[in-house]
1. Which one of these does P53 not meet: (1) in contact with a helix residue (DSSP H, G or I) (Cβ under 8 Å, 6 or more places away or on another chain); (2) under 30 Å from E152 (Cβ atoms); (3) part of a loop (DSSP other than H, G, I, E, B)?
2. Taking region 26-45, which residues are part of a helix (DSSP H, G or I) and buried (at least 18 other Cβ atoms within 10 Å of the Cβ)?
3. One residue is enough: does region 168-177 have a residue meeting the conditions at pLDDT 95 or above, under 17 Å from Q67 (Cβ atoms) and not charged (D, E, K, R)?
4. Suppose the filter is farther than 20 Å from D93 by Cβ, open to solvent by 20 Å² or more (accessible area, probe 1.4 Å), assigned to a helix (DSSP H, G or I) and not hydrophobic (A, V, I, L, M, F, W, C); does G176 pass it?
5. Give, as residue ranges, the helices (runs of 4 or more DSSP H) completely inside region 75-172 that count at least 3 residues that are exposed (fewer than 13 other Cβ atoms within 10 Å of the Cβ).
6. For the list (1) of a type in the set (A, V, I, L, M); (2) at pLDDT below 95; (3) surrounded by 14 or more Cβ atoms within 10 Å (Cβ to Cβ), I need the number of the one condition that L23 fails.
7. How many residues does region 46-59 contain that are open to solvent by 30 Å² or more (accessible area, probe 1.4 Å) and either hydrophobic (A, V, I, L, M, F, W, C) or closer than 21 Å to T120 by Cβ (or both)?
8. Looking at this structure, is A189 under 24 Å from D65 (Cα atoms), open to solvent by less than 30 Å² (accessible area, probe 1.4 Å) and part of a helix (DSSP H, G or I)?
Amino acid sequence: MTGLRELQRQRLHEAISAAAIALFLERGFDQVPVTEVCAAAGVSKPTLFKYFPTKEDLVLHRIADHQGEAARVVRGRAPGRSPVEALRRHFLDGLARHDPVTGLNDRPEVVAYHRLVFSTPSLVARLFHHMAEDERELAGALAETLDGLTAELLAGQVLAAQRVLARRTWQLLADGAPLREVEPEAVRAAERAFALLAAQLDVPPPAP
């Protein structure tokens, strides 16, 4: 029974979000009130907020599976592999899978979803809130092998680089470039970004 209840809960969670995103894509995030989402999903307002603490979470829950991912990659890396190399390999694997979080996915619904997120100020603000949590988790993982300041600086740089790479790749697709042309450019950009990150760790601090 517990498993069945959890399955029902997950289905309702997805149904509410799907109804919300369909309305937001059709008319815009700010033009659709929560009450209309409730009506479309067939739930009460208290039920909706039980599943989604904020209106923005109706959209951004789709990236929830990636929360804490960078920290997990660093902690789960193979022996002898540096944190930056592990993160680089993970990002490149995501590009190869056309994982939507990398921006390299040309399915119309994915391109439209990213446009919704990137063009809505409150969603961008909420996205940065999630990124701040990821940054703290990643800094904690990096601090297991690096000094605290270096860990914090590198965590911020890694997540900023991944955000820039994903948005840049999505924008190319949104502008109409075919995926077969965008993919090699996305890989080159990722290689360059992670090379710069790796180089930062080899630069000695300035003399006092």
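1. (1)
2. To start, the set of residues in region 26-45 that are part of a helix (DSSP H, G or I) comprises 26-27, 29-31, 34-41, 45.
Across region 26-45, the qualifying residues are F29, V37, C38, A41.
3. no
4. Numbers: farther than 20 Å from D93 by Cβ: yes; open to solvent by 20 Å² or more (accessible area, probe 1.4 Å): yes; assigned to a helix (DSSP H, G or I): no; not hydrophobic (A, V, I, L, M, F, W, C): yes.
Judged against the criteria, G176 is not a match.
5. Details: elements: 83-97, 108-118, 121-142.
Because the criterion is at least 3 residues that are exposed (fewer than 13 other Cβ atoms within 10 Å of the Cβ), the helices (runs of 4 or more DSSP H) in region 75-172 that meet it are 83-97, 121-142.
6. For L23, the failing item is (2).
7. Within region 46-59, the first condition is being open to solvent by 30 Å² or more (accessible area, probe 1.4 Å), and the residues that meet it are 46-47, 49-51, 53-56.
Pick out the ones that are also either hydrophobic (A, V, I, L, M, F, W, C) or closer than 21 Å to T120 by Cβ (or both) and you get 49, 51, 53-56.
Matching residues across region 46-59 total 6.
8. Numbers: under 24 Å from D65 (Cα atoms): no; open to solvent by less than 30 Å² (accessible area, probe 1.4 Å): yes; part of a helix (DSSP H, G or I): yes.
Criteria not met by A189.
The values are calculated or read from the model by the stated rules, or taken from the named source; none is laboratory data. As the structure is a computational prediction, the values presented were derived from the model and not from experiment. Cβ coordinates were reconstructed from backbone atoms using ideal geometry, including for glycine residues, and neighbour counts include every protein chain displayed. Note: accessible area is taken over every heavy atom of the protein model, side chains too, but ligands, DNA and RNA are not part of it. Shrake-Rupley method; radii C 1.70, N 1.55, O 1.52, S 1.80 Å.
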